[in-house]
Structure formats: structure tokens, C-alpha cells
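See below for the structure under consideration.
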Amino acid sequence: MSLKSSGVAFKDEKHAGVSLSAKDVDTGAQLVAGLTSALDPDEALRIRRKIDRHIMPLMCVLYWIQFMDKTTLSYAAILGIQQATHLTANEYNWLGTVFYLGYLVFEYPQNLALQRFPVGKWMSINIFVWAVVLACHAACKNFIELVVVRLLLGVCEGSITAGFLIVSSMFYTRTEQTRRVGYWFLMNGTAQIVSGFISFGALHINTRGFEPWQWLMIMTGIMTLILALLFWFLFPDSPTNAWFLTPDERAKAVKRIEDNQTGVENKHFKREQMIEALTDPKSWLFALFSALVNVPNSLTNQQSLILASFGFTYLQTTLLSCVPGMIVILAIFSGVRLATRRPNCRAYVTVMYFIPGWSGILLVSLLPWSDQVGLLFSQFLSACDARNVFCAHRSAVGATVPVFVLSLSWLNNVTAGHTKRIVTNTIMLSAYCIGNVAGPFMWKAQYKPRYHIPWAVIGACYIVCPILLLVIRAVLARENQIRDAEPFGDTEEEYIIERISEDGRRVEVKVDKGFMDLTDRQNRDFRYVL
């Protein structure tokens, strides 16, 4: 049977005979239309493993490279970039801010492009530009030139996390999404370990006219360029056209995520879904959480300098940057496993992981300045807050790093409708940028060396954010109760798609409601994950 579609009909007693445009149907609807039998569990597992083998390595490596690339500024700070480019402390802080300004301004266009164009190809283009811009850091001689390249890095990065969230929702069930998002975020810890050794090696490069920080930029730029080429040829855009799946496997891959009630994707921007996203309270609760939890993210570019202020040499500081990596790996792995082992416990697990961050803040503020080891441990502990999971920054260490991994996957799980998901991702990632833009201005020279004011601000964020998570859970739980109490209709809604058979006849086949590109508000069968 051909996959050509001439239109869609929506049939029930209340809406009989209403015709819908083909643009209203999810791209996966054509593949699964007419498939009524349940997918064999062993076959579903085989397909999932095949998907994992082909996309997870690329996603993990990209997140590792992304993490390393955007934190090169922090490593370069101890390799001589400030002296070589004559940066003041305020200008250095601005370089951390301008990255997120580029991210913020272009986040909405990036998300629109991810809906309009093939996801894998669009990300590949951004990775390529990103690689070139990263290598161009080595040619910068002053603050203005560094502002330009950092701005462009932020523009390109806006496509990666949003693109990965879209891809995860296309290929995986809700439970699988939580773990897969955690798995590619695990690479942040790996990047911390590897990047520390790369920086340590770069520090020992002694060439005339080319400093260690410049070699760091060139090496990471080349690695990113190679990855861009691999993404272009190997990364799929959707399960409906994945090169490594047979036509039969593509249909089964789509059928496998039927229970998500979110479909695969729809390339048509729907204004009504955008309005719904903007008027949905949970969009703004998640956005407020995202902004506040990312204010402390300014620790990203401050960590190496803070460690050096404790009395460690530059060599020791570089090597110490590797230590938190393993903690990040263990923390994220334990967090996503905990959240998926028991149903409806995401909020509670997430709140629990804020406790170590608060402990670190108290210790770093109260320990005597002479206690070098205690200050080191508490700084690592306090830096391991929620925002580091989301933005993958190197100051993320310790037990609270799973927080934003869970928050990201949670938002993805409770939003349906492709345009609505695009808009809610834009809102949340834009809020993330706002928090990151504001954060660096806390670290003023007059607060040295103990920085009591910045630590107090971080502590306040750690109090408000868990409260917001519990409020979000209460709102979603209430909505589930309302839907559970709604009476069932006398007739079941039917969604019919017209297709052209092999002999040229028009035939009508039933499509599951989950592939009609309905939002979570429109689809009353949708239940929110808690």
C-alpha cells in the first residue's frame, strides 16, 4: 500500500464528516495506519536496541564534544588567555554572558528550523559552523574579537539540546526518554575527565608564537569538525526515514511509541498550538524553574579561578578539574535510574538531589580559609546543582547533578503536539539563557575572596527551585484526577486517513489518536507523568 495521503477524516457522532487537512496528521500516522495488532515485545526490544546502537553513540559523543567546547574558556583561563588578550575580570565575565545572549536571541529561530528542516541535517550544519568558530578563538587578540566568536558559539548551541529532546521523543517511550536523556548527559562527566587531561597536555606544549590556550582551541575545533561530518551522513532525522531501519522496522519503531500519545513529528507550524503553549501554566512554571536554577551556572567560568584562589597551582587546578567528572557520571546514572524505577516519583527524586548543594553552600561559606581541602570539597559539592545537568557545565559535580536531566525529560513527557513541544522547549531554553546571562554579574571583585553574596544568591535559588517542582507536580496530579473523573463517551472517536492502495484504489484506514498531532490538552486520554 502506498504511503501517499490525500486527506484525513475525523469521525464520531459529534464530529461526523469533518475533514481535516493532511498537515494535521503526524508524520508517523501514515506508517502505522491500519496496524491494529500489538507489537511483539521481543521485536520491540530488538528494534529499540538497533536504534540505540545507531543514534546513542553519536548523541553521547556530541554532548561530550559540546560540553568540552563551550567550557574551553574556563580551561583557557588557566592557560593564559586572559593575559594574552588583555582581559579584565569584568570582560572575562562578559564572555560567559555573551555566549548565552547569542543562545537566547536565536533560540526561537533555531527551534522553528528544527521543526521545518530535517533535524539531523540542521544540527550537522550548526556543528560545522560551531567547529569553525571554535578554531577561530585561537586567532583572537582582544575582547571584541572574543565577544564575536563566543556569541556565534551560543547561536549554534541553541540547536543541540532542543534537537536532542525532539529526537528522543521520536524514537523512545516516556520511560526510555528519561534514561536516554540521562545517558547523553553522562558524557558531561566524561568530558570533564578527558578535557582536564587535554588541557594538562596543552599546558606542556611549548611553541614559539602559539600559546597553550590557542592549541586547545585548535584541537577541540578539529574534533568538532570531524563530528559534524559524521552527523551529516549517519544521524537520522526521524524513525520514518531512518537509514538503518527497513520499511517494516520503521513502521514498528513508530508503533512502539504509540502509548506516548505524542506521535513523531509534524512539519507544519500550528498557531493554535503555539497559543496553547503560551497560555499553559506549566510552561511558565518550568520556565521560572529553568531561570532560577541557572543563575548559579556562572560557576562554570569561575571554577578554575576559584580553585586557583584556594592556593592550588595551575597544574593542580587543571588536574583537579578531572575529579568531579566521575561524580557527575555516578550522580546522573543513579538519578535517572531512581526516577524510572518507581512510577510518578520524578519530582520527589529531583528535590532530594538539591540537599548536597545546600550542604556545600554552608560549608564553603563557614569553613576557615586555611582549610584548603574542606573548601575544595565544599566548592565541588555546592557547584553540583540542578542547572549543571541541564546546561552540561563543568562545575557540575556531586549528587545533585541529575536534577535538570529529570526536569528536561519530565517536560518532554508532559507536553504533546509537535508545535507545542517546539514552543515550550523555546520558552524553557530561553529562560535558561536568562538565568545564565544574569549569573556572572554576581562575581564582583569586592566580594573576593569568600564571595558570600554570590553564595547567598545560589542558596536562595536552591530553596525556591524545589518548591517550584512540587508545585508543578501538584498541578499535573490535579489535572490527571480531573481526567480520570471524566465520563467515557458512548462512542469511541475514530480517526481515518485515506491512502492509495497498490492497485490505485482509495482506501480508508484507522489511525490511532496519538498520531493525530493533538496537544496534551486536546487529547483527554493523555496522562501526565509525575
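The values are calculated or read from the model by the stated rules, or taken from the named source; none is laboratory data. Since the model is a prediction, treat every value here as computed from it, not as a measurement. Here the Cβ is made from the backbone with ideal geometry for all residues, glycine too, and neighbour counts use every protein chain on show. SASA here: full protein model, heavy atoms, side chains in, ligands and nucleic acids out. Shrake-Rupley method; radii C 1.70, N 1.55, O 1.52, S 1.80 Å.
Points to keep in mind about this one:
- Filter result for residue 108 (more than 20 Å from residue 216 (Cα to Cα), hydroxyl-bearing (Ser, Thr, Tyr) and surrounded by fewer than 20 Cβ atoms within 10 Å (Cβ to Cβ)): yes
- Each residue in region 198-243 was checked for being open to solvent by 40 Å² or more (accessible area, probe 1.4 Å), part of a loop (DSSP other than H, G, I, E, B) and not β-branched (Val, Ile, Thr), and 7 of them qualify.
- Pick from region 187-209, criterion in contact (Cβ under 8 Å) with a residue 60 or more places away in the chain and polar (S, T, N, Q), ranking: farthest from residue 146 (Cα to Cα): 190
- Scan region 447-456 for residues that are surrounded by 15 or more Cβ atoms within 10 Å (Cβ to Cβ) and in a helix (DSSP H, G or I) and the total you get is 2.
- Neighbours by Cβ (under 6 Å, 6+ apart or cross-chain): first from region 210-230, aliphatic (A, V, I, L, M); second open to solvent by 80 Å² or more (accessible area, probe 1.4 Å): 228/128
- Any hit, region 160-168, residues being open to solvent by 30 Å² or more (accessible area, probe 1.4 Å), closer than 30 Å to residue 41 by Cα and polar (S, T, N, Q): no
- Just so you know, in region 173-209 the residues that are among the hydroxyl-bearing types (Ser, Thr, Tyr) and under 22 Å from residue 334 (Cα atoms) include one that is modelled with the highest pLDDT, and it is 173.
- Among residues of region 114-125 being open to solvent by less than 10 Å² (accessible area, probe 1.4 Å) and of a type outside the set (Ser, Thr, Tyr), the one that is nearest to residue 73 (Cα to Cα) is 123.
- All helices (runs of 4 or more DSSP H) inside region 34-147 with 3 or more residues being of a type in the set (Lys, Arg): 41-70
- The C-beta contact set for region 68-96 (first residue more than 22 Å from residue 444 (Cβ to Cβ), second residue open to solvent by 10 Å² or more (accessible area, probe 1.4 Å) and outside any helix (DSSP H, G or I), distance under 7 angstrom, 6+ apart or interchain) comprises 80/211; 84/211.
- Candidates in region 457-511 are the residues that are open to solvent by less than 40 Å² (accessible area, probe 1.4 Å) and hydroxyl-bearing (Ser, Thr, Tyr); of these, the one that is modelled with the highest pLDDT is 462.
- Test: residue in region 425-446 that is outside any helix (DSSP H, G or I), of a type outside the set (Val, Ile, Thr) and open to solvent by 50 Å² or more (accessible area, probe 1.4 Å): yes
- Test set (1) open to solvent by 60 Å² or more (accessible area, probe 1.4 Å); (2) at pLDDT 90 or above - residue 289 fails condition number: (1)
- Residue within region 133-146 that is crowded, with 17+ Cβ neighbours inside 10 Å and under 15 Å from residue 164 (Cβ atoms) present: no
- Within region 512-530, considering residues that are of a type in the set (Lys, Arg) and open to solvent by 60 Å² or more (accessible area, probe 1.4 Å), the one modelled with the lowest pLDDT: 524
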